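Report on the structure given below.
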Amino acid sequence: MSSIIIYQSMSSYIADTFCLYSASASAACAFLRSFGAFVLPLSVVSLFGSLGYGWGGSVIALIAVVIGIPTPILLWVFGARLRKRSRLAGLDQDS
């Protein structure tokens, strides 16, 4: 659930912020998500080997919750400041 919250809020923010370049920005986000999906199974073997299935799963869930819950809130609070700092944000196709 946390990964869905992270991805949905980030993809909506990216598409709304970078209007002219939304396809490229969405592709970059999809690449990072896919890279994370590639790297996680490589590290999970040693994580479960050292902590066991119970604690290993709890650590992964805790990381997902710590990243997933604050992401939409932080984008809501600091989103305007982030858009103002970007030179590509808010460009329309008419510009």
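Every number here is computed from the coordinates shown, using simple stated rules; none is lab data. Keep in mind that this is a model prediction, so the values were computed, not measured. Positions of Cβ are backbone-derived with ideal geometry, glycine not excepted, and every protein chain shown enters the neighbour counts.
What to note about this one:
- Annotation for L88 and S43: the two label points, set 7 Å from Cα along the Cα-Cβ direction, are 2.6 nm apart.
- The range 2-85 has equivalent-ellipsoid semi-axes of 30, 16, 8 Å, by the square roots of 5 times the alpha carbon gyration tensor eigenvalues, sorted largest first.
- Kyte-Doolittle mean at least 1.0 and Cα axial length at least 15 Å: DSSP H helices in the chain: 22-68
- Cβ-based charge dipole, the chain, positive-most Cα from L47, P70, S24: P70
- Only Lys, Arg, Asp and Glu carry charge here, each on its Cβ (+1 for the first two, -1 for the last two); on that basis the chain has a dipole of about 280 debye about its Cα centre.
- For the chain, relative contact order (Cα pairs under 8 Å, six or more residues apart, normalised by length) works out to 50 percent.
- In this simple spin-label model, placing a label point 7 Å from the Cα along the Cα-to-Cβ direction at both A28 and V77 gives a separation of 2.5 nm.
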